[in-house]
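**Student:** Questions regarding the structure given below will be posed in turn.
Each reported figure results from applying straightforward, stated rules to the coordinates on display, with no laboratory input. For clarity, every value in this text was computed on a predicted model and none was experimentally measured. Please note: Cβ atoms are built from the backbone with ideal geometry, for glycine as well, and neighbour counts cover all protein chains shown.
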Amino acid sequence: MAPPIVKRYLIAFDKYKWIGLAGFALVVAGSTVVAMQPDPPATYQGDAALAYSGPPISFSAIGSQIQQKGQTLTADDLLSEPIMRELVDKTKFKPQQLANTIAIDFPQRTKTGELESNIIEIKYQDTDRKRTAEVLTIMLQESVKLSADRNTGQLKSIINKINERLPNAKKELEAAEKKLEQYDRIERPAILAAENGSLLGAVTASQNQQRQLQQVLIGIDAQIRSIQGKLGMDATTAYVSSALSADPILNSLRAQIFQIKAQMEPLQKEVRAEYPAMVQLRRQLEAAETLFNERKAQVATGGGNAAPLPGRVTDQLARNNLDPARQELANQLVALQTQRDTLRQQLGNETRQEGVLRLQYAQIPNKQLERSRLEQQIILKKSIFDQMQVKLTDARAAEAETVSSLTIARPPRVIANVKPPKSVPITLAAGGFFGLVIGGGIIFLLGSLEGTFKTKEDIRDNLKQKEVALLGELPILPFEYSKNTVPVIISPDSGYLEIYEKFRSNLRRVGGTDVKVVLITSTGTGEGKTVSAYNLGIACARAGKRTLIIETDLRSASYCESLGVSVDPDAALEPLRYYANGECIRLVPEIENLYIVPSPGPVRNSAAILESSEMRRLMEDVRARFDFVILDSNPLGLSNDALLIQPYSDGIIMVARPNFTQENVFGEAVDQLVESEMGLIGAIVNGAEDVVITSQRVATLEPEVDRITVNGRN
């Protein structure tokens, strides 16, 4: 028995052999064309080398850096537009053609970034020896020139950038210096005073002055309290009394009033008030008092020449006149009060001055920090300005000594590369071998892309994975067929009948004795479901079972002629009446116990007929009358008719056929039946081992040819 992969390939070869042969012929024709081509002309392989040149002894740091950076060239740099333009002008080749024939190998770098070597290999291949040497020479010269131009260009770019930024750096430095100068003009004296201790000394001197003033004030307060105790008045009252006592007019008027009162006192005791002398004295007294009050008011307000007297000047205070001793004490009290006010004002000034000094001293750290910041800005700006000047000087010096980072390490050398002539037999043999491989691969690929089961082993493995029982493997009957007929086994001595008998017994074993009505369907046409249904019915009838085959595929014509039964010509006109009467059940003449209900199809309303009450009554009747009923249904891939008739059955049998059944469609159908719990009993493989059966039984089966008709499409 051949392995499954060999079977799959043989099946695919049988279907796609002409495509495979066409692929083989194309490859052989291509190899023949290659073999007939003339030998290519001799080629010349040229190579040359560049070397990274180390920086020379130099006093310019930038020059050394530029030359070091020049050692980072790439293949794109050496194949850049200037070099390619020179090569195109010389060789008249296209740039892309030149780029494909020039190979450049750069030295590798170590993990530390250092070059393993300083040699750059350049290779070029051409059919002209002279042109090969010229291309390599141009490559070497232009690469050295390109490196020198790049180094010089980098230096000029650095110089231009420094010249652009140098004026701004100078302006920033001058602005920083000017800002520090303005700050020192305002805040530097205070900072210096804090730094040399004079500000702290001024705070201490102010505190000492305050203590001295406080001591003097204590003494003055004691003197003021002593004088106030002697006078019986405060300093303000003493000042007012002294001012009133010192005025000569008030003293004169005060004396007159006193004299008039002295004259009136004895007369009041002797004469009446209307006495002329008393009237005159009263008038003199009133005049004197009026003048006294006017003068008192004038003295109290200052008369416009002096400040007004403090406090309220009462009449009693104005009429009293201090004696010289009290006058002196009052003057002393006023003087001490004035001195005390002066000292207190000085003390307040000193206190405020101390606060100002302390505030200035507290602000000194911030001022010092601000000045340090301004100094740091100047240092930073000056450092940048100085570095830019140094860089500019260094770059200008480097212009005079900058050279290329590449040198010519090895001049071009050209070696002829002469290939031996090709062998025509070997080329044709190789073409034939690859033609066989490619043709066979095309056949295998096309067979794999079909998506159908190739062998019965594929179907068997698929059923095993889905845990579906395999009820039998049935061969294709190798006989002639005619229209609307299928191969049926009429002879009871046929060897094929044993295979269907095994199928029947497996169905009984797996389904059990309760399975009386089975539905046989498939996923597509040509898979042999009708052949399997007819021959299973024959096997059951031969086993003594009263068996009925019902063709429920109403979308196709009936195959009952295979069993010697004719189709009712009026059944298609009124199919419901056809199923309503018992005449639709026909006896198979040549096989005992076998009956069939031919299909009236094809009809348009097959679904309505299958769901009709007539079909329901027919199914109930046949279940009671027959031992075994087989329902031959429409394929699941074409319609849902099988699902409509399924409720009348006890189980479903799926039919699969190698090289006909689509693997994914069959798998989806089986999964749907299992998940929906529609009573899937198992599956059969139709068309299995057809070649083996034909070779082994052709001699014994030849007498049966006239008893069997075959339609391989169903």
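**Student:** Starting from the Cα-Cα distance between Ile218 and Arg625, subtract it from 0.36 nm times their residue separation and give me the gain in nm to one decimal. Let's see the in-between values first.
**Tutor:** Numbers: separation 407, 0.36 × 407 = 146.52 nm, distance 14.70 nm.
Difference between extended and current length: 131.8 nm.
**Student:** Could you run the Karplus curve 6.51 cos²θ - 1.76 cosθ + 1.60 with θ = phi - 60° over the range 224-240 and give me ³J(HN,Hα) per residue in whole Hz, x for Gly and Pro?
**Tutor:** 4, 5, 5, 5, 4, x, 6, 7, x, 8, 7, 5, 5, 5, 5, 5, 5
**Student:** Net charge around Gly679, counting only other residues with Cβ within less than 14 Å of its Cβ (Lys, Arg = +1; Asp, Glu = -1)? Intermediate results must be reported in sequence, preceding the final value.
**Tutor:** On the way: positive: Lys516; negative: Asp514, Asp650, Glu675, Glu677.
Taking every other residue near Gly679 into account, the sum is -3.
**Student:** Report the label-to-label distance for Ala25 and Asn293 in nanometres (one decimal), using points 7 Å from each Cα along the Cα→Cβ vector.
**Tutor:** 15.8 nm
**Student:** Gain in length, Lys111 to Lys261, computed as 0.36 nm per residue apart minus the alpha-carbon separation, to one decimal in nm?
**Tutor:** Value of the extension gain: 40.8 nm.
**Student:** Give me Rg/Rg_expected for the range 467-706, where Rg uses Cα atoms only and Rg_expected = 2.2 N^0.38 Å with N residues. Don't skip to the answer; put the middle values down first.
**Tutor:** On the way: Rg = 16.9 Å, N = 240, 2.2 N^0.38 = 17.7 Å.
Dividing the Cα Rg of the range 467-706 by 2.2 N^0.38 Å gives 0.96.
**Student:** Considering the options Leu536, Pro487, Phe628, tell which one lies farthest towards the positive end of the dipole of the range 467-706, charges being +1 on Lys and Arg and -1 on Asp and Glu at the Cβ, about the Cα centre.
**Tutor:** Of the listed residues, the answer is Phe628.
**Student:** Still on this structure: So how much slack lies between Tyr361 and Met678, counting 0.36 nm per residue of separation and subtracting their Cα-Cα distance, in nm? Can you show the working numbers first?
**Tutor:** Values: separation 317, 0.36 × 317 = 114.12 nm, distance 10.34 nm.
Full-extension gain reported as 103.8 nm.
**Student:** Taking amide H positions as placed in the peptide plane 1.01 Å from N, state which residues far from Phe660 in sequence (5 or more) or on other chains have amide H under 5 Å from it.
**Tutor:** Amide H to amide H, under 5 Å and 5 or more residues apart or across chains, Phe660 pairs with Phe453.
**Student:** Now a separate question. Can you work out the Karplus-derived ³J(HN,Hα) for every residue in the range 674-682? Use 6.51 cos²θ - 1.76 cosθ + 1.60 with θ = phi - 60°, whole Hz, and x for glycine or proline.
**Tutor:** Result, ordered by residue: 6, 5, 7, 6, 8, x, 6, 7, x Hz.
**Student:** Using amide H atoms built in the peptide plane, which far-off residues or other-chain residues are under 5 Å from Ser405 H to H?
**Tutor:** Residues meeting the criterion, in which the H sits 1.01 Å from N, are Ala148.
**Student:** Then there is this: I need the phi-derived Karplus couplings for the range 381-386: 6.51 cos²θ - 1.76 cosθ + 1.60, θ = phi - 60°, integer Hz, Gly and Pro marked x.
**Tutor:** 4, 5, 5, 4, 4, 5
**Student:** If each residue's Cβ is checked for other Cβ atoms within 10 Å, how do Met615, Met233 rank with the fewest at the top?
**Tutor:** Least crowded to most crowded, the residues run Met233, Met615.
**Student:** Taking the number of other C-beta atoms within 10 Å as the exposure measure, put Lys179, Lys529 in order starting with the fewest. Please report the intermediate quantities before stating the final value.
**Tutor:** On the way: Lys179 13, Lys529 28.
Listing Lys179, Lys529 from fewest to most nearby Cβ atoms yields Lys179, Lys529.
**Student:** Another question about this same structure. Counting other beta carbons within 10 Å of each residue's own, what order do Phe453, Phe258 fall into, fewest first?
**Tutor:** On the way: Phe453 24, Phe258 12.
Ordered from fewest to most neighbouring Cβ atoms within 10 Å, Phe453, Phe258 come out as Phe258, Phe453.
**Student:** List the residues whose amide H sits under 5 Å from the amide H of Gly682, counting only those 5 or more places along or on another chain, with H placed 1.01 Å from N in the peptide plane.
**Tutor:** Ile652, Met654
**Student:** Enter the per residue convex hull volume of the range 203-357, computed from alpha-carbon coordinates, in Å³ rounded to the nearest integer. Display every interim value, and only then the final one.
**Tutor:** Details: hull volume 19.4 nm³, N = 155.
With only Cα atoms used, the range 203-357 gives 125 Å³ per residue.
**Student:** In the structure shown, do any of Lys92/Lys161; Lys145/Lys382; Lys111/Lys391; Lys464/Lys502; Lys464/Lys529 have a Cα-Cα gap over 30 Å, and if so which? Don't skip to the answer; put the middle values down first.
**Tutor:** Numbers: Lys92/Lys161 41 Å; Lys145/Lys382 39 Å; Lys111/Lys391 32 Å; Lys464/Lys502 20 Å; Lys464/Lys529 21 Å.
Lys92/Lys161; Lys145/Lys382; Lys111/Lys391, as the Cα separations exceed 30 Å there.
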